[in-house]
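Here the structure comes first, spelled out in C-alpha cells, and everything after it is commentary.
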Amino acid sequence: DAKTTQPPSMDCAEGRAANLPCNHSTISGNEYVYWYRQIHSQGPQYIIHGLKNNETNEMASLIITEDRKSSTLILPHATLRDTAVYYCIVGYNDMRFGAGTRLTVKP
Amino acid sequence: SQTIHQWPATLVQPVGSPLSLECTVEGTSNPNLYWYRQAAGRGLQLLFYSVGIGQISSEVPQNLSASRPQDRQFILSSKKLLLSDSGFYLCAWSAGTYSYNSPLHFGNGTRLTVT
C-alpha cells in the first residue's frame, strides 16, 4: 500500500498558485518525498523531491513540515497545461504510488 | 545522458496468449528497475522492482513474472494472459547506488489490450 494520502481532486484558477497537500505520517529515516505528475496517456513526469528542507526548482516548490509528516507542492502560477494527476510518494526501493490528486486548472 | 526504451508502444493479445515486454536503460550502470501497471482510470500499481541482476521483488505475483538477465534490461512476462491484464504498463529506472535520493524516470509505456 502507498504510504501517502492525498485529496482526490482540486481545482485552481489559471494564474493562481496551486497548493497540493500530502500526508505521509509514517515516513521514516532517510526516506525522501517525491512528487510526480501524469498527464493523460503519458508516463509520470518527475517534478521535485526533498528530505527535510524546502526545495524549489523551475517547475515548483516543495514545503515539508518540520516533523516531516506532511508536505505541500506549490505550482506558483498554474496554467491550463498543469492540469494533471499529481502523485506524492515516499520510499526506498519500493516506490508505491497512491491514487494521487487530480488537479484541474480552470480559465 | 540516460535514456529508457520500452516497447512495443501498443499491443493487442488474445486471452491465454503469452506476453513479453522489454525495457532497456542506457547511459547508467546498476540502476534500480521497476514495472508498473495502470488499469483504465486507476493509479499506478507497482508490479516488480529489481536492485540488481537476478534480484526481483514481486508485489503482485499472480500470472506475471519479471526477469533481469542483464544489468540494464528488465523483462515482464506472462505465460497466459487474462482479460484483467489489460492496462498501461510502465517501466522505470532510478540510480541504484543512492536510490533513496534518486527520482524515477519512466519510459513511454506499453498499452496492452487483452481480447
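The values are calculated or read from the model by the stated rules, or taken from the named source; none is laboratory data. Everything numeric here is computed off the predicted structure, so don't read it as measured data. Here the Cβ positions follow ideal geometry from the backbone for every residue, glycine too, while neighbour counts run over all protein chains shown. Just so you know, the surface numbers come from the protein's heavy atoms only, side chains and all, with ligands and any DNA or RNA stripped out. Shrake-Rupley method; radii C 1.70, N 1.55, O 1.52, S 1.80 Å.
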- Query: Just the accessible area per residue of the protein assembly as shown, please: how many Å² with a 1.4 Å probe?
  - Reply: 49
- Name all residues of region A:1-44 having a backbone nitrogen under 19 Å from the label point set 7 Å from the Cα of A:LYS52 along its Cα→Cβ direction, giving them as ranges. A:24-34
- Query: For region A:35-62, which residues drop by 50 square angstrom or more in accessible area between the chain on its own and all protein chains together (1.4 Å probe)?
  - Reply: A:PRO44
- Query: Round to a whole number: what % of the accessible area of chain B belongs to carbon and sulfur, probe 1.4 Å?
  - Reply: 51
- Residue-ordered couplings for region B:105-115, obtained by feeding phi - 60° into the Karplus form 6.51 cos²θ - 1.76 cosθ + 1.60 and rounding to whole Hz (Gly and Pro as x), are 10, 9, x, 7, x, 10, 8, 9, 10, 9, 10
- Task: Choose one answer from A:SER71, A:SER61, A:SER25: the residue with the largest mean-square fluctuation in a GNM of chain A with alpha-carbon springs under 10 Å.
- Result: A:SER25
- Query: By residue number, which cysteines of chain A lack any other Cys whose Cβ falls under 4.7 Å from their Cβ?
  - Reply: A:CYS12
- Query: For chain B, what class follows from the C-alpha gyration tensor (a ≥ b ≥ c being the square roots of its eigenvalues): rounded when a/c is under 1.5, otherwise prolate if a/b is larger than b/c, else oblate?
  - Reply: prolate
- Message: Let's test the formula: R0 of 41 Å, r as the Cβ-Cβ distance of B:ASN101 and A:ARG81. What FRET efficiency results, to the nearest 0.05?
- Response: 0.90
